[in-house]
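Data block below; observations after.
The values are calculated or read from the model by the stated rules, or taken from the named source; none is laboratory data. In this text the structure is predicted, and so the values were computed from the model without any measurement. Cβ atoms come from the backbone with ideal geometry, glycine included; neighbour counts cover every protein chain shown. Please note that ligands, DNA and RNA were not included when accessible areas were found on the heavy atoms of the full protein model with its side chains. Shrake-Rupley method; radii C 1.70, N 1.55, O 1.52, S 1.80 Å.
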Protein chains: 2
Amino acid sequence: MTLDEQFAYLTKGCVDVVRGTELRTKLDRAATTGTVLTVKVGFDPTAPDLHLGHTVLIRKMKHFQDLGHRVVFVIGDFTGLIGDPTGRSKTRPPLSRDEIEANAETYKHQVFKILHPDRTVVDFNSRWLGTLGSEGWVRLAARYNVARMLERRDFRQRFDSGQPIAIHEFLYPLAQAYDSVALRADVELGGTDQLFNLNVGRDIMPGYGLEAQVVMTVPLLVGLDGVDKMSKSAGNYVGVNEPAETIVRKIVEDFRGSDGVMWDYFTLLTDLTPVEIEQRKARFAAGEASASDLRFELAELVARDFDGVEAAARAVDAVRTRHAVRVAAATGPAGDVPADLSGVPTVGVTLAAEPINLSRVIADLRFAASASEATRQIKAGGVKIDGERVLDLRWVPPGSGSYTLLVGTKKVARLVVAPPS
Amino acid sequence: MTLDEQFAYLTKGCVDVVRGTELRTKLDRAATTGTVLTVKVGFDPTAPDLHLGHTVLIRKMKHFQDLGHRVVFVIGDFTGLIGDPTGRSKTRPPLSRDEIEANAETYKHQVFKILHPDRTVVDFNSRWLGTLGSEGWVRLAARYNVARMLERRDFRQRFDSGQPIAIHEFLYPLAQAYDSVALRADVELGGTDQLFNLNVGRDIMPGYGLEAQVVMTVPLLVGLDGVDKMSKSAGNYVGVNEPAETIVRKIVEDFRGSDGVMWDYFTLLTDLTPVEIEQRKARFAAGEASASDLRFELAELVARDFDGVEAAARAVDAVRTRHAVRVAAATGPAGDVPADLSGVPTVGVTLAAEPINLSRVIADLRFAASASEATRQIKAGGVKIDGERVLDLRWVPPGSGSYTLLVGTKKVARLVVAPPS
């Protein structure tokens, strides 16, 4: 790659690059001298189940590795080893060395799905922060001033509203900044919400006789709902450790975001170059690829990273087959099918000798609290299929196709009946 | 002494006692349990020539020793060992261990003129601050918050006026406070300008499972000019290491303060009890003792502390004799003598066979830059004695007594001529 291509690849999808000219200089120098850059990223020492939101940052680390650079995955165990320094909280006891090591293994298991293990150094900041010494702490604290620290938005808000900020909270950004000194980082990556902290590292390095690191941030990923930040608690996530078929199914079927969010996913969740993404946009705009085609491609690319080419292909096949059946069924004789299948709950069944237990279907859809309540609703005349009241608890579909189930006046579902296999 | 008498003795002359009730409780408990209190005082690690201003605090330490308590003289070498933590200043290099030990000896030599050596522990705060460890620093910093630290007046003023406060400056009051934790101090003494820092120690101790120390401050001593704080640079000081006669002479002759300042000196620079000081005030008010009598007594008490009873008595005799000669001379035939002799420079000479070298006298008074310049002024007719122009460089006084010397139109001195001895 030329320097321009490297620059484009590395800055793809980034929110902040402080500063681009310095990154170019560092890349150019590395190429000229045959050296590699040290790229630092910090992670907290608790062990999360990583989801796609986390992979945006991890993928950016990989991009540097793709160009031969060395990534240091810093586990911020220093603060974890201290726990709650005020000693007031019983719920934040210090982590033991064993717990931190176990969490590091959990991290490795997940991040090495994306990162190249042989170009990744996993390190622990207690190694240098724990031995910094009294003089080291004073010198570190001398490198930054109170007014600048209070420019960090959360500090400023608390300060202005009279909520206390303990002085050790000022030490943590400095400690994190010192990680860059200890590692002689060329580049630090982080989420866009970390920009202030990353810049502290940049600011203090020259005082230690080092060239300031370049700071690069990646955006927070929007969840499958297309609205909120992806997070486990919001339920709008795809987990790194989920089975390949689940990953593909969630991306193809559960995604509710706009086209813009889909392109963000391409940018942030794949290694496609900006040019390759533009090509897809053009095909989509020209009607040569459907939104469904693009989601399948995206899903396959993501699943490949975590589970390999074959598993991803199998997962895509499975989901595509099920999907094709549904689409075929939904566009069958019943007509008036919503364009977005996923907007209405769908129950897929196969034509068989046995009639369908309607009470069970209604209860499974959570349209009734139980099968027996569903039975009462059918008997009371409150259930219709394709506009016809159904009074028989056991329903025999007239053939394959899509049928509209109405329970009461508002609860609607699709019954998709596939032909016998 | 009763508890009340102890309390009165210890709080004599103090500006702040936080809190008196706690001091009583501690004194009472010490008496009941047969234990002694630990009284901490911090000093900076540079080696000053101590003057009377410093002795106010040292004397308050002695008062605790007089009642059997244990005083810890803490040399704050921790910061001295670091020097300028920003590394920017070439003028504040770190002190070496040898330099700090040498400074400690200088301190001891001076303070043991007042303190009881056997009830004084000299300690160095690097002993516990140097080994506090990263976790210790974070826990310490967690004990205090930013808003409270900014209540310290100098911090607040700098913050409000946009002058930077480096974050390590917030660590120093905490480090000093931690001295009280390490020493399990019952009482901390300091100058009134240290009240904030002393209270930080008080505030953090309960978090370390200790009873809060009592904080007591003593006032800053006004200098001999009666206006500014006593300091070497202002020239209004009496040094602890000066010869006894100089000490007495400065207090008797150079003091320009009001009666109020004189009583402050009695309170702050002697061990007289409040009752004994009241007795002297009454005698002075009744005209039974003159201001001069009181200054001589004060001077003798001060000199005794530093140089012993005999040396103090000899110094007082010497100054008193010289003083008597001047007063006698000054009130001689020349009349119109200012009431306050010391308001005008005075040159004392003795009648002798030799005429007086006027040029030399004028130069010694610094009324001219040199004797030769004084000679030019005399020859130009710019010098008068008792209103008469003097053109002769060698002046023969007509007899003993006081004469007014006028050089130019503004420089006035008294020539006091004593009879031959």
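Here are the numbers:
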| quantity | calculated |
| --- | --- |
| Translational diffusion of region A:1-156, µm² s⁻¹ [Kirkwood Rh, Cα pairs; Stokes-Einstein; 37 °C; 0.692 mPa s] | 181 |
| Student exercise, chain A dipole from Lys, Arg, Asp, Glu Cβ charges, in Debye to nearest 20 | 820 |
| ³J(HN,Hα) computed for each position of region B:186-193 - Karplus, 6.51 cos²θ - 1.76 cosθ + 1.60, integer Hz, glycine/proline x | 8, 9, 10, 10, x, x, 5, 6 |
| Copy-to-copy label separations for A:Arg19, where each label sits 7 Å from Cα toward Cβ, in nm and ascending | 5.7 |
| Lysines with Cα under 27 Å of A:Lys62, excluding same-chain neighbours fewer than 8 positions away | A:Lys12, A:Lys26, A:Lys40, A:Lys108, A:Lys113, A:Lys229, A:Lys232, A:Lys250, A:Lys281 |
| Neighbourhood charge, 13 Å Cβ-Cβ cut-off, centred on B:Glu354 and excluding it, Lys, Arg +1 and Asp, Glu -1 | +2 |
| DSSP beta bridge pairing in the protein assembly as shown, given as percent antiparallel to the nearest 5 | 45 |
| Viscosity 1.306 mPa s, temperature 10 °C, Stokes-Einstein D of region B:354-421 from Kirkwood C-alpha radius, µm²/s | 133 |
| Translational diffusion coefficient (Stokes-Einstein; Kirkwood radius from C-alpha pairs) of region B:76-135 at 4 °C, 1.567 mPa s, in µm²/s | 98 |
| Selected from A:Ala313, A:Ala102, A:Ala175 as most flexible by GNM, with chain A as the system and alpha-carbon contacts under 10 Å | A:Ala102 |
| At 7 Å out from Cα toward Cβ: A:Asp84 inter-copy label distances (nm, ascending) | 4.3 |
| Extent along principal axes [Cα atoms of the protein assembly as shown; Å; largest to smallest] | 148, 69, 45 |
| Net dipole in debye of the protein assembly as shown [+1 Lys, Arg Cβ; -1 Asp, Glu Cβ; about Cα centre; nearest 20] | 820 |
| Sparse-neighbour loop sites [trypsin sites (Lys or Arg not before Pro); region A:352-421; at most 12 other C-beta within 10 Å; DSSP] | A:Arg366, A:Lys410 |
| When the convex hull of its Cα atoms is projected in every direction, mean area for region B:200-309 (nm²) | 9.4 |
| Among B:Thr46, B:Thr321, B:Thr33: highest mean-square fluctuation, GNM of chain B, C-alpha pairs under 10 Å | B:Thr33 |
| Mean shadow area of chain B, taken as a quarter of the surface of its Cα convex hull (nm²) | 26.8 |
| Surface/4 estimate of mean projected area, convex hull on alpha-carbon atoms of region A:104-211, nm² | 8.3 |
| Share of carbon and sulfur in the accessible heavy-atom surface of region A:212-302 [1.4 Å probe, %] | 50 |
| Distribution of pairwise C-alpha distances over region A:264-322, 5 Å bins, in % | 4, 19, 26, 24, 18, 9, 1 |
| Region A:3-109: trypsin sites (Lys or Arg not before Pro) falling in loop per DSSP and having at most 10 other Cβ within 10 Å | A:Arg88, A:Lys90 |
